[in-house]
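Data block below; observations after.
Derivation of every value follows stated rules applied to the coordinates shown; laboratory data play no part. All of these numbers come straight from a predicted model, not from anything done at the bench. With ideal geometry, Cβ positions are generated from the backbone for all residues, glycine too; neighbour counts draw on all protein chains shown.
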Amino acid sequence: MFDRLFQSRFGSLEEFTAKARKIFLLTLPFGLLFWAFDIGIGGTSEDGRAWLNVPMIIGAVGFIAWAAGGLMMMIRKV
């Protein structure tokens with residue numbers, strides 16, 4: 001049942017994992033760049049610089065989805 005629900009929403013598990021990996025890899029350089037910039041200017045909590053966290057959050061969501069998809073594929077093959 002879960003497989004049918006998942007496939008109707010996201011397509012195949014392999015496609016979902018590939019898309020999540022692509023999101024993670026595309027946002028990783030920006031997240032790291034903004035993280036380094038943020039450390040250089042002293043943190044995001046001061047002076048309204050919280051927008052620097054956006055690429056890091058998007059990248060983290062992509063990474064978690066990629067890891068979850070990979071884990072689900074491994075469980076499926078067992």
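What is the local net charge at Arg21, summed over the other residues whose Cβ is closer than 13 Å to its Cβ (Lys, Arg +1; Asp, Glu -1)?
That works out to 0.
Stretching the chain fully between Val54 and Phe10 yields a gain of 13.5 nm (0.36 nm per residue, less the alpha carbon separation). Counting charges near Ala65 (Lys, Arg +1; Asp, Glu -1) among other residues having Cβ under 10 Å from its Cβ returns a value of +2. Taking label positions 7 Å along the Cα-Cβ direction at both Ala68 and Leu32, the computed distance is 2.5 nm, reported to one decimal.
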